[in-house]
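Beneath this line is the structure, given in structure tokens, with notes to follow.
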Amino acid sequence: MTNHWIDLKNSDAIFIIGCNPAENHPISFKWIEEAMDKGAKLIVVDPRYTRSASKADIYAQIRPGTDIAFLGGMINYALQNNLIHEEYVREYTNAPFIISEKYDFKDGMFCSFDEQEKTYDLKSLAYELGPDGKPRRDNSMKDPRCVLQLMKKHFSRYDVDKVCSITGTKKEDYLKVAQAFCGTGRADKAGTLLYAMGITQSTHGTQNVRATAMLQTLLGNIGIAGGGVNALRGESNVQGSTDYGLLFHLLPGYLKSPEFDNVDLKSYIDKWTPQTKDGRSANWWGNTPKYITSLLKAWYGDNATQANDFCYSYLPKRMGSYAYNKIMDKMLAGGLEGLVCMGMNPAVGGPDSGNARTALSKLKWLVTVDLWETETSIFWKRPGVNPSDIQTEVFMLPAASSVEKEGSISNSGRWAQWRYKAVEPVGHSMSDLWIIDQFFKRVRNLYSKEKGAFPEPITKLAWNYGNGHEPDVHLVAKEINGYFTKDTTIVDKDKTLEFKKGDQVPMFKYLQADGSTTSGCWVYSGSYTKEGNQMARRDQSDPTGLGLFPKWSWCWPVNRRIIYNRASVNTAGEPFNPKRALIAWDGLEKKWKGDVPDGPWPPMKDDKEGKYPFIMLPEGHARLYALDLKDGPFPEHYEPMESPSRNQLSRTQNNPVVKLPKNVSSDTVKFPFIGTTYRMTEHWQTGGMTRSVPWLVELVPDMFVEISESLAKQKGFRKGDKVKVTTERGTIEAVVLITSRLKPFNVEGKMIEQVGMPWHFGYAGTAKGDSANMLTPSVGCANTSIPEFKAFLCNIEKGGSKA
Amino acid sequence: MTAAARIIINEVKSYHNFLKFMIGLVVLAVLASAVRFIFGLGSTTNMNDTYPWGLWISFDVVTAVPLAAGAFTLGAIVHCFHIKKLEPLVRPAIVTGFLGYSLVCIGLLLDLGQPHKGWHTLVYWNVHSPMFEVSMCVMAYTTVLFLEFLSPVCEKFGYHMPLRVLRWLEMPLVIAAASISTLHQSSLGTFFLIAVDKLHNLWYNPLLPLQFWMSAIFTGMSIIILEATMVHRYLGQPDESELLEVLTKILPWVLGAYLTVKIAAMAFLSHGPLFDRPVLLALFLVEVIVGVIMPMVMFMKESNREDNRMQLRGASMIIFGVVLNRFNVSMFGMIQADQVIYYPSIVESLVTIGIIAGHILFFVLLAKYFPIFEHHPETVDYSLPDHFHEVDGHEQAKGVEA
Amino acid sequence: MSGNSKDFSKQRTFLIDTTKCTGCRGCQVACKQWNQLGAENTKFFSGEGYQNPPAMSEYTFTRIKFKDYQKNGQNEFAFYKEMCMHCNEPACASVCPVGAFVKTPEGPVVYNAGRCIGCRFCMIACPFGIPKYEWSKAFPLVKKCTGCYGRVKEGLQPACATTCPTAISYGSRSDMIAEAERRLKNRPKHYYPAIYGKEEAGGTSVIYLTHQPLDELGFKPVTTRPLPSYTWQALRLVPGIFLTMGGGLSLISWFNHRKERIKQEEAFKNSKVAPETAETKTREENQ
Ligand SMILES: Nc1nc2c(c(=O)[nH]1)N[C@H]1C(S)=C(S)[C@@H](COP(=O)(O)OP(=O)(O)OC[C@H]3O[C@@H](n4cnc5c(=O)[nH]c(N)nc54)[C@H](O)[C@@H]3O)O[C@H]1N2
Ligand SMILES: Nc1nc2c(c(=O)[nH]1)N[C@H]1C(S)=C(S)[C@@H](COP(=O)(O)OP(=O)(O)OC[C@H]3O[C@@H](n4cnc5c(=O)[nH]c(N)nc54)[C@H](O)[C@@H]3O)O[C@H]1N2
Ligand code: SF4
Ligand code: SF4
Ligand code: SF4
Ligand code: SF4
Ligand code: SF4
Ligand SMILES: [Mo]
């Protein structure tokens, strides 16, 4: 989230697209309702009429996988009707930037596509640089090669009729959405956009997200109170795990993980430290050397020295993709010896899980660390297999649950909130920290004793978390924050600061590239300082009245509650909307008031010191035109991999940079219906956490599929009938729920039915049922590899063995 | 012991087959009651949260109470209004009443979830509760009936002293019986006043208690007619139809008054639709036409009043009408349009059938072993003897010695 | 039931704004957890939407009802919480022969299991069908929402209200009614213009706001008069009737008997015998 949960209350229009917060993030509705009480409009765009939709002022139905068309149409609507926040767009975005002459777009494809590699040559799609090395710009935004004009041209194809014909949305509903939300493109209005898996789980998921960001940027809704692009994060600490480098291409703090050709620290830094010739751009990633060095110091401690490149060579280097589907492919091919599955249940949660279950049996050993016996830990005795055929040795380590251990949890709003242990762990279960600690210590001892091919990355690790039975979680948190490794004096503008060896670093501004500081995750630097554990703060004061609660827990970065907040003021530092002033420049005191600003510099107008607001980008301007996405600079509508429709906008049916896996089929004779999967309030994910809790099982006891009344009529189903759902990948059985909340989509005049399924069921626990993921395709987003769980083709028939 | 048992067995063997059948039904009911306590109310009855009250309350309590109203009606007629002619009918009526109320109590104990706490009503008073009122009354009235019932028992064993006390108590008891009955017969109607939005308007109105009381009166009389006729037919007792004519003369007046109150209450005091539920309307019409209007018209004609067959027919219709009325109020009229229909389970039915059988059985047995019909009031001296005090003193002295 | 003279404005009251209810059913689960109630054994869904379990019961003190229908081509998906209304003048308490139900001064209507005899009159009386019975037991008790009296007494909010993200407010009755009225005034188009429970059954400690018309959601139309008053108008006559009846009959029979006695005494004077005395004596001697 650029903003945070409470900030939803400051909105004038709340645009929910591709998420269902009433069901999956129920508490969010507390703030949404508060906004609505003050007159805000709620807009919900979803294939189904959900519990969120039931609260909406405007609901529009959308065919799964067509969000770019929907949002592209809104971008077009805003541009055509001049509803954009012009000053904001001109000053703070790359709309005036001139793009390289080579830029071209034809029939759904950008220029310079390599058919063989299925990649674009991104250099041909870059900014045109001026003689000063800075991107050239036309502040009148009239130049036909400026971003705004290219954008106008690109999205002019997304007229309302075309869009509705693609998305299946009723025209009047579509216009209502466009009018209501584009109406926030004014200084005195704020519109927020909420999204989650309905947007991301697509072969063009990243471009979906970009479309939301572009719309919000055009409307001047980013960086302001009540605005933002807000990803409703999933697992309770998934924000934290992403911050700490969960993804294969990232190290903690969103530092890139080294690639095979980043042979030493210098080449790593050269590759990943962006440069700018524009002195007014803060280019915050220019600090990459400080952060990577501090990270290496945190990991390897005194072993990391300038002389040995801070042990950079111990880091694994990657080549290609290590995404989930790639790991599964490799496992299936017998390429993996063992798997540690810590708090994850791939036998139910991953796409094409029939394949995943088979893949598990190719392992020599499997360790599951979980609260429960999950489908993954009992995959070897799942229905339909003979356990004696499976040789995998399975170890189940019982883990302590979140209330049985102390530590921090980061929510979607980037708040790291400290939690205390409420009860002792049940039975033999241990905290994950203890388990990892033991893992490490035992492996290190083995390496020390038996040596090995390359023991140093393990044996040289600094591992100082106390001598107790349980590692001291406060020491972990302090290491993440970072400390000085020697006495240091820092001159910061007019101040001179003295630090002693071992002092906590007050914030990441003071991290150094010379090894004098450590930090386990630079964005969290400042969370555990000399003043104590900032994450444990519980002060409810709210000086701005906007619900920022600056002294409640701690928020990265630097306790900034709304990021890009320098875009909420004009170039003179005066709030666009004084009624919801997030920050304001106090010219007398020469400082900012309100939220922690994106950097201390004076407003942009200040010729000497002023800086652009989007400090994380080298050009300092929000990118309406993207430079580094694999599928091109502008979002373009493509159909999902399995689609009942041709692409009505071009002859490029699917995202051209995504490779098609084998078991995908768009045969609409065999599979005439759109299948989609989603969550519901009553269950959690793969169901391990909920399907054995009787009170929750009572609420949703069985696997079911939802279909429209018209499909039920066509098929002769009655509520409660047993049915079979089939895709190219498998068949499942479920009970049918017939509802007017699901309706067919009108695609080019043809009514196309949808079959909706929760994906919470499996063969472990008390309430058992077939897994929807037996049906889903293992094909992912071009940029992130997130699987296309939301749009596939299926058939539905009466019966099944359990009928 | 064995000898005694053998005597009992031989005695029972000598009974008429009908009685044996009744004994069989009672035994079945006892077994069914055991089943209820072992397996719980839920699994043995068809009662549930939609039907918290089933057959047991509707019949064993709400209907059985007016059916046992003969005693107080007749008591008042004979003793207070001094229509001495009917005296011979009093004792059988008292016996019926006593049996009836005892069985009501048994039915209630089966129905209560916590029968062992039944005595709580005596301790934790809630004067706002018609149930409290009724239970106090039923307890008091059962005691009264018991005392009244002691007369034939004492006569049988020749206990003259208590007999005298009882006779001395007779008037107060009769008056108490009538007053208490008025209260609880009407309060049974009060039960349903709380069901404002549940009981259908055909029955719901604020005069329900009055109607319940009035109908108890004519039911009491009808039961006496029924009973006397049955006893005449099957137990070889004398034909009392001449006496019963007194009752059939009163009946049209009471029925007429009742009908007037009922129609007036419906017309002026009920709110909302009356004729929206055809089934309920039919039930209502049957209840009123068969149970009230037809017998009323019948007994307006002298020849019908005198004819024992017509007496029986009219009384039966009235009884049928009241049973239906009580079911209409306590069950049918409470069923909402969208509810599934309740029907009693086997256990519930067996218990209720057993209660009815028990009633008949015990009545016959009592009649067999106690002077219920041999009672000749005309020859009995009602005054306290002059030497009463002497005897009393003697008795007490003996008690002290012992 | 003294009724109108009582002041209920301070009593703790739930304001349930169904327009804000997301149907998350946190309240339903929180209630089971706090009261340690068993789960029901359900299959599929029992009502509209995802509604489960099929009904309130001894195990379910509160439940979210789902309404899933179409009106003028527009979907309606509505949710509302069913629970004891904690009536100002509760029918359940008034009919209970042993006073097992009590309206506490704080607001909740509580149940004293130790007293209950299990007559189930409360179940008949409750206009909202709230009290449920432990049908599975041989000696069952009544079960219903306790209003979390234990929590309320400690200054906490009820478990369901604490859990609810959006729809439940809890406070004094006057504050809740004022808040409900404020919302109605603030967003007249958003709300159906009625506060259910403000007047129903003489006023309750649970009041509702809705978007859809009340009858569409299945809210029962209930009399606005306190229910106990319906019974009491008859019951209050009891002492009077008893005295009138007893007195009247005494008078009548005294009168009739006097006539009789005079007749008898005359007859007695004529034949001076005490027929039973001798007999009694012999019998007693024989014993
Ligand atoms: N109760 C509960 N809460 C949860 C979870 C849970 O399992 N249970 N999971 C957590 C996790 S890990 C996550 S990631 C989040 C996810 O939260 P959400 O993203 O809200 O979850 P989903 O239900 O998968 O998808 C949201 C909605 O997207 C709609 N949708 C499907 N396809 C499309 C499409 O093409 N376009 C658009 N616009 N909408 C589409 C679906 O109908 C669905 O209503 O929830 C978190 N919260
Ligand atoms: N069809 C379909 N599939 C999907 C999705 C979809 O929308 N549709 N959504 C996807 C999304 S967004 C996600 S995030 C994934 C989630 O997929 P998974 O992460 O595999 O699913 P979970 O059920 O959340 O698995 C988490 C496990 O962690 C355990 N656990 C809980 N707390 C702890 C703890 O403290 N320590 C340890 N060691 N274990 C713990 C739980 O018991 C549970 O078994 O599923 C994806 N799969
Ligand atoms: S489950 Fe937890 S994280 Fe999700 S909405 Fe509820 S309180 Fe928030
Ligand atoms: S709703 Fe029913 S149970 Fe609750 S207080 Fe009112 S009458 Fe009693
Ligand atoms: S069942 Fe219990 S609480 Fe209900 S009225 Fe009877 S005694 Fe009172
Ligand atoms: S007040 Fe307490 S008992 Fe009543 S529904 Fe809420 S949580 Fe359950
Ligand atoms: S907790 Fe609140 S929002 Fe959720 S279902 Fe209950 S009343 Fe509705
Ligand atoms: Mo997720």
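Laboratory data are not the source of any read-out in this text; all were calculated from the coordinates shown. Only a predicted model underlies this, so the values are computations on that prediction, with no experimental measurement involved. Cβ atoms come from the backbone with ideal geometry, glycine included; neighbour counts cover every protein chain shown.
Against the longest principal axis of chain C, how steep is helix C:238-270, in degrees 0 to 90 to the nearest 10, with axes from Cα atoms?
So the inclination is approximately 10 degrees.
Compute and list, largest first, the equivalent-ellipsoid semi-axes of region C:56-160 from the alpha carbon gyration tensor, each √(5λ) rounded to a whole angstrom. Intermediate results must be reported in sequence, preceding the final value.
Details: eigenvalues 159, 62, 34 Å².
Working from the Cα gyration tensor, I get semi-axes of 28, 18, 13 Å.
Please state the relative contact order of chain A as a whole percent: Cα pairs under 8 Å, 6+ residues apart?
Working: 1807 pairs, mean separation 130.2, N = 803.
Answer for chain A is 16 percent.
Quick check on chain A: of the DSSP beta bridges with both residues there, what percent are antiparallel, nearest 5%?
Values: 49 of 88 bridges.
Antiparallel bridges make up about 55 percent of those DSSP assigns within chain A.
How many angstrom separate the Cα center of region A:43-122 from the Cα center of region A:737-767?
Taking the Cα centre of each part, region A:43-122 and region A:737-767 sit 27 Å apart.
Would you mind telling me the antiparallel percentage of the DSSP bridges in the protein assembly as shown, rounded to 5?
On the way: 71 of 114 bridges.
Looking only at bridges with both residues in the protein assembly as shown, the antiparallel portion is about 60 percent.
What average number of partner chain Cβ atoms lie no more than 10 Å from the Cβ of the residues making up C:226-237? Write down the numbers at each step before the final one.
Details: counts 0, 5, 4, 3, 9, 14, 6, 4, 13, 12, 2, 4.
The mean count of partner-chain Cβ atoms within 10 Å per residue comes to 6.
Can you list the chymotrypsin sites (Phe, Trp or Tyr not before Pro) in region B:268-361 that are in a DSSP coil and have 11 or fewer other beta carbons within 10 angstrom?
On the way: sites: B:268, B:275, B:284, B:299, B:320, B:327, B:332, B:342; in loops: B:275, B:342.
Hits after loop and neighbour filter: B:275.
Farthest toward the dipole's positive end in region B:1-91, which of B:5, B:75, B:39, given Cβ charges of +1 (Lys, Arg) and -1 (Asp, Glu) about the Cα centre?
Working it through, the farthest residue towards the positive pole turns out to be B:5.
What does the net charge come to around residue A:207 if you take all other residues with beta carbon closer than 15 Å to its beta carbon, with K and R at +1 and D and E at -1? Provide the component values of the computation, followed by the final result.
Working: positive: A:210, A:623, A:630, A:790; negative: A:67, A:628, A:631, A:636, A:639, A:788.
Result for the local shell: -2.
Mind giving me the FRET efficiency for residue A:798 and residue A:118? R0 is 60 Å, r the Cβ-Cβ distance, nearest 0.05 is fine. List each step's numbers first, then the result.
Details: r = 41 Å, r/R0 = 0.69.
In this case the efficiency is close to 0.90.
Select from region A:398-505 those chymotrypsin sites (Phe, Trp or Tyr not before Pro) which occupy a DSSP coil region and have at most 11 other Cβ atoms within 10 Å, ordered by residue number.
Details: sites: A:415, A:418, A:420, A:434, A:439, A:440, A:447, A:463, A:465, A:483, A:484, A:499; in loops: A:420, A:463, A:465.
Counting only loop positions with at most 11 other Cβ atoms within 10 Å, the chymotrypsin sites (Phe, Trp or Tyr not before Pro) in region A:398-505 are A:420.
Holding the Cα-Cα limit at 19 Å, pick out from A:719/C:71; A:170/C:20; A:55/C:189 the pairs that are longer than that.
Details: A:719/C:71 21 Å; A:170/C:20 26 Å; A:55/C:189 14 Å.
From the list (A:719/C:71; A:170/C:20; A:55/C:189), the Cα-Cα distance tops 19 Å for A:719/C:71; A:170/C:20.
As an exercise, use a Förster radius of 45 Å and the Cβ-Cβ distance of residue C:7 and residue A:365 to find the FRET efficiency, rounded to the nearest 0.05.
On the way: r = 72 Å, r/R0 = 1.59.
Calculated transfer efficiency: 0.05.
Multiply the residue gap between residue B:290 and residue B:168 by 0.36 nm, knock off their C-alpha separation, and tell me the result in nm, one decimal place.
Values: separation 122, 0.36 × 122 = 43.92 nm, distance 4.21 nm.
Here the answer is 39.7 nm.
Rank A:466, C:56, B:126 by how far each Cα sits towards the positive end of the charge dipole of the protein assembly as shown (+1 on Lys, Arg Cβ; -1 on Asp, Glu Cβ) and give me just the farthest.
Highest projection toward the positive end goes to A:466.
Taking region A:313-445, how many lysine pairs are there with alpha carbons less than 22 Å apart, if each pair must be eight or more places apart or span two chains?
Qualifying lysine pairs in region A:313-445: 10.
Pairwise over distinct Cα atoms, reciprocal of the mean inverse distance: report the Kirkwood radius of chain A in Å, one decimal place.
Details: mean 1/r = 0.0358 Å⁻¹.
One over the average 1/r among Cα pairs gives 27.9 Å for chain A.
Using just the helices of the protein assembly as shown, give the 222 nm mean residue ellipticity in deg cm²/dmol: DSSP H runs with n ≥ 4 each add -39,500 (n - 2.57), and the total is spread over all residues, rounded to 500.
Details: 46 runs with 554 residues, N = 1492.
One gets -11500 deg cm²/dmol as the mean residue ellipticity at 222 nm.
Between region B:216-267 and region B:17-83, what's the alpha-carbon centroid distance in Å?
Here the two parts' Cα centres lie 21 Å apart.
Residue-wise, which Karplus ³J(HN,Hα) couplings in Hz belong to region A:99-107, taking 6.51 cos²θ - 1.76 cosθ + 1.60, θ = phi - 60°, and x for glycine or proline?
9, 3, 4, 5, 3, 8, 9, 9, 6
Just want the answer: with Cβ charges of +1 for Lys and Arg and -1 for Asp and Glu, which residue in A:674, A:620, A:633 is farthest toward the dipole's positive end in region A:589-727?
Toward the positive end, the furthest listed residue is A:674.
If you rank A:586, C:68, B:60 by fewest surrounding Cβ atoms within 10 Å, what's the result? Don't jump to the answer; show the numbers that get you there.
On the way: A:586 12, C:68 21, B:60 24.
Arranged by neighbour count, lowest to highest, A:586, C:68, B:60 become A:586, C:68, B:60.
Could you list the trypsin sites (Lys or Arg not before Pro) in region A:513-589 that lie in coil according to DSSP, counting only those with at most 12 other Cβ atoms within 10 Å of their Cβ?
Details: sites: A:530, A:537, A:538, A:551, A:560, A:561, A:566, A:579, A:580; in loops: A:530, A:537, A:551, A:560, A:561.
Loop-located and lightly packed - A:530.
From the C-alpha gyration tensor of the protein assembly as shown, pull out the three semi-axes of the equivalent ellipsoid (sqrt of 5λ each), sorted largest to smallest, in whole Å. Numbers along the way, then the final one.
On the way: eigenvalues 1452, 217, 192 Å².
In descending order the semi-axes read 85, 33, 31 Å.
Using label points projected 7 Å from each Cα along Cα→Cβ, tell me how many nm separate residue A:373 and residue A:616, to one decimal.
4.4 nm
Quick one: dipole size for chain C, taken about the Cα centre, charges +1 on Lys/Arg Cβ and -1 on Asp/Glu Cβ, in debye to the nearest 20.
Working: 39 positive and 26 negative charges, 75 e Å.
Result for chain C is approximately 360 debye, rounded to the nearest 20.
Using 7 Å Cα-to-Cβ label points, what is the residue A:514/residue A:472 separation (nm, one decimal)?
Label at residue A:514, label at residue A:472, 2.9 nm between them.
Counting other C-beta atoms within 10 Å, which of A:636, C:40, A:498 has the fewest, and how do the rest follow? Show your work: numbers first, answer last.
Working: A:636 27, C:40 22, A:498 9.
Fewest-to-most Cβ neighbours within 10 Å comes out as A:498, C:40, A:636.
Just grab the label-to-label distance for residue A:551 and residue B:320, each label 7 Å out from Cα along the Cβ direction, in nm (one decimal).
Roughly 8.6 nm, to one decimal.
Consider a paramagnetic label point 7 Å from the Cα of residue C:216 along Cα→Cβ; state which residues of region A:39-78 have an amide N under 20 Å from it.
A:42-44, A:49-61
Two decimals is fine: what is log10 I(q)/I(0) at q = 0.08, 0.09, 0.11 Å⁻¹ for chain B, from a Debye sum with one equal scatterer on every Cα and no solvent?
The Debye formula, applied to the Cα set alone, gives -0.46, -0.59, -0.87.
Multiply the residue separation of residue A:445 and residue A:336 by 0.36 nm, subtract the distance between their alpha-carbon atoms, and state the gained length in nm to one decimal. Provide the component values of the computation, followed by the final result.
On the way: separation 109, 0.36 × 109 = 39.24 nm, distance 2.38 nm.
Computed gain between residue A:445 and residue A:336 is 36.9 nm.
Please report how far the C-alpha centroid of region A:484-538 lies from that of region B:308-367, rounded to the nearest whole angstrom.
Taking the Cα centre of region B:308-367 as reference, the centre of region A:484-538 is 89 Å away.
Which value, in debye to the nearest 20, gives the size of the charge dipole of region B:18-401 about its Cα centre, when Lys and Arg are +1 and Asp and Glu are -1 at the Cβ? It would help to have the intermediate numbers written out before the result.
Details: 21 positive and 29 negative charges, 146 e Å.
Once rounded to the nearest 20, the dipole reads 700 debye.
Stokes-Einstein D for region A:69-134 at 37 °C, 0.692 mPa s, Kirkwood Rh over Cα pairs, in µm²/s?
Numbers: Rh = 14.5 Å.
For the chosen part, D equals 227 µm²/s.
With +1 on the Cβ of every Lys and Arg and -1 on the Cβ of every Asp and Glu, and nothing else charged, how large is the dipole of chain A about its Cα centre, in debye rounded to the nearest 20? Mind dumping the intermediate values first?
Numbers: 100 positive and 92 negative charges, 110 e Å.
Roughly 520 debye for chain A.
Can you figure out the FRET efficiency of residue C:224 with residue B:21, using R₀ = 45 Å and their beta-carbon distance, to the nearest 0.05?
Working: r = 54 Å, r/R0 = 1.21.
Approximately 0.25, to the nearest 0.05.
Between 0 and 90 degrees, rounded to the nearest ten: what's the tilt of helix C:173-186 against the longest Cα principal axis of chain C?
40 degrees
Ignore the peptide's own chain and count Cβ atoms of other chains within 10 Å of each Cβ in B:40-53; give me the average, rounded. It would help to have the intermediate numbers written out before the result.
Values: counts 7, 10, 8, 4, 2, 1, 0, 4, 5, 13, 3, 3, 14, 5.
Taking the mean over all residues of the peptide, I get 6.
Please state the equivalent ellipsoid semi-axes for region C:12-226: what are the square roots of 5 times the Cα gyration tensor eigenvalues, largest first, in whole Å? All intermediate terms of the calculation are to be shown ahead of the outcome.
On the way: eigenvalues 144, 87, 53 Å².
Computed over region C:12-226, the values are 27, 21, 16 Å.
Expressed in nm to one decimal, what extension gain is obtained for the pair residue A:86 and residue A:668 from 0.36 nm per residue of sequence separation less their Cα-Cα distance?
Values: separation 582, 0.36 × 582 = 209.52 nm, distance 4.53 nm.
That works out to 205.0 nm of additional length.
Return the average number of partner chain Cβ atoms within 10 angstrom of each residue Cβ along peptide C:246-256. Don't jump to the answer; show the numbers that get you there.
Numbers: counts 7, 2, 4, 13, 7, 2, 6, 10, 3, 2, 6.
Mean shielding by partner chains, rounded to a whole number: 6.
If you wrap a convex hull around the Cα atoms of region A:187-307, how much volume per residue is inside, in Å³? Can you show the working numbers first?
On the way: hull volume 20.9 nm³, N = 121.
Dividing the Cα hull volume of region A:187-307 by its residue count gives 172 Å³.
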